[in-house]
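As structure tokens, the structure follows; a few thoughts come after it.
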């Protein structure tokens with residue numbers, strides 16, 4: 001979706017390295033969701049950030065929402081092979097209900 | 001708690017047929033959303049049901065329809081299948097209104113021949 005741009009499209013990192021994935025919106029964000037997907041499978045919920053700007057962490061993953069820039073970033077510290085997959089950001093542009101607009105995804109590979 | 005379940009997991013149909021997919025949300029969740037995922041268009045929102053009422057709708061033709069039952073289970077139907085309907089169909093459930101975590105099921109892989 002052009003309303004939500006995700007970068008980079010793909011990323012290859014060595015195990016133990018840090019990485020950042022960005023998600024930029026052209027519209028006002030009421031909420032921003034991060035998911036991880038293994039190819040052809042369902043989405044695994046990672047984090048949800050609400051309008052107003054937030055930062056959340058879970059294990060080695062930190063997500064931030066910058067309200068001024070309408071941008072979110074997902075940062076993984078000390079990457080592991082288990083982090084490999086497709087990362088998707090999903091935006092709530094309506095502020096009501098659960099209609100999410102998704103980015104095109106970032107494919108992450110972690111090399112040993 | 002059991003997660004979101006979708007049946008069937010795989011389905012093969014021919015053009016012109018219709019298909020019904022089922023989604024059982026997490027116990028206690030009242031909102032069910034449906035998404036279509038294809039390599040070309042990515043993940044796109046189809047519709048959302050909350051307490052048996054359609055609350056949000058995406059930009060899909062009328063061939064795509066859905067419903068929700070009193071136990072929150074939901075079905076989506078696609079009539080007059082086209083080759084382009086081949087996709088992974090995902091449903092997600094959440095507990096109530098907006099700003100709640102949405103949990104996705106494993107998806108139904110539909111192939112239209």
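Each value in this text was obtained by applying a stated rule to the coordinates, not by laboratory testing. As the structure is a prediction and not an experimental result, all values here were calculated from the model. We place every Cβ from the backbone using ideal geometry, glycine too, and count neighbours over all the protein chains shown.
Evaluate the following for residue A:66: is it farther than 17 Å from residue A:18 by Cβ and more than 14 Å from chain B (Cβ to nearest Cβ)?
Details: farther than 17 Å from residue A:18 by Cβ: yes; more than 14 Å from chain B (Cβ to nearest Cβ): yes.
Yes; evaluated as a whole, the condition is true for this residue.
Here is a yes/no grid of residues against (1) in a strand (DSSP E or B); (2) within 11 Å of chain B (Cβ to nearest Cβ); (3) touching a strand residue (DSSP E or B) at 6+ places or on another chain (Cβ under 9 Å); (4) under 18 Å from residue A:17 (Cβ atoms):
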position: A:73; (1), (2), (3), (4): yes, no, yes, yes
position: A:78; (1), (2), (3), (4): no, no, no, yes
position: A:86; (1), (2), (3), (4): yes, yes, yes, no
position: A:94; (1), (2), (3), (4): no, yes, yes, no
position: A:98; (1), (2), (3), (4): no, yes, yes, no
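Here are some conditions: (1) within 17 Å of residue B:100 (Cα to Cα); (2) surrounded by 15 or more Cβ atoms within 10 Å (Cβ to Cβ); (3) within 12 Å of chain B (Cβ to nearest Cβ). Residue A:42 meets all but one. Which one does it not meet?
Among (1) within 17 Å of residue B:100 (Cα to Cα); (2) surrounded by 15 or more Cβ atoms within 10 Å (Cβ to Cβ); (3) within 12 Å of chain B (Cβ to nearest Cβ), the lone unmet condition for residue A:42 is (1).
Residue check: is residue B:73 away from every other protein chain (no Cβ under 14 Å), touching a residue at least 40 places away in the same chain (Cβ under 8 Å) and in contact with a helix residue (DSSP H, G or I) (Cβ under 8 Å, 6 or more places away or on another chain)?
Values: away from every other protein chain (no Cβ under 14 Å): yes; touching a residue at least 40 places away in the same chain (Cβ under 8 Å): yes; in contact with a helix residue (DSSP H, G or I) (Cβ under 8 Å, 6 or more places away or on another chain): no.
No; evaluated as a whole, the condition is false for this residue.
Could you list, in sequence order, all residues of the stretch A:2-37 that are closer than 11 Å to residue A:108 by Cβ, within 12 Å of chain B (Cβ to nearest Cβ) and not in a strand (DSSP E or B)?
Answer for the stretch A:2-37, where residues must be closer than 11 Å to residue A:108 by Cβ, within 12 Å of chain B (Cβ to nearest Cβ) and not in a strand (DSSP E or B): just A:9.
Restricting to the stretch A:95-112, name every residue that is farther than 18 Å from residue A:45 by Cα and surrounded by fewer than 17 Cβ atoms within 10 Å (Cβ to Cβ).
Of the stretch A:95-112, the ones farther than 18 Å from residue A:45 by Cα are A:95-96, A:109-112.
A:95, A:96, A:109, A:111, A:112, listed by residue number.
Determine, yes or no, whether residue A:82 is away from chain B (no Cβ under 14 Å) and buried (at least 22 other Cβ atoms within 10 Å of the Cβ). Let's see the steps before the verdict.
Values: away from chain B (no Cβ under 14 Å): yes; buried (at least 22 other Cβ atoms within 10 Å of the Cβ): no.
Taking the combined requirement at face value, the residue does not satisfy it.
Given the options B:44, B:37, name the one that is within 13 Å of another protein chain (Cβ to nearest Cβ), within 22 Å of residue B:14 (Cβ to Cβ) and not in a loop (DSSP other than H, G, I, E, B).
Numbers: B:44 fails: within 22 Å of residue B:14 (Cβ to Cβ).
Step by step, each of B:44, B:37 is checked, and only B:37 is within 13 Å of another protein chain (Cβ to nearest Cβ), within 22 Å of residue B:14 (Cβ to Cβ) and not in a loop (DSSP other than H, G, I, E, B).
Could you tell me which residue of the stretch B:76-100 is farthest from the other protein chains (Cβ to nearest Cβ), considering only residues that are within 20 Å of residue B:2 (Cα to Cα) and surrounded by 15 or more Cβ atoms within 10 Å (Cβ to Cβ)? Before you say what the answer is, go through the steps one by one.
Restricting attention to the stretch B:76-100, the residues satisfying the condition of being within 20 Å of residue B:2 (Cα to Cα) are B:89-96, B:100.
From what is left, the residues that are surrounded by 15 or more Cβ atoms within 10 Å (Cβ to Cβ) are B:89-94, B:100.
Details: B:89: 11, B:90: 6, B:91: 9, B:92: 7, B:93: 9, B:94: 5, B:100: 7 Å.
Applying the filter and picking the extreme gives B:89.
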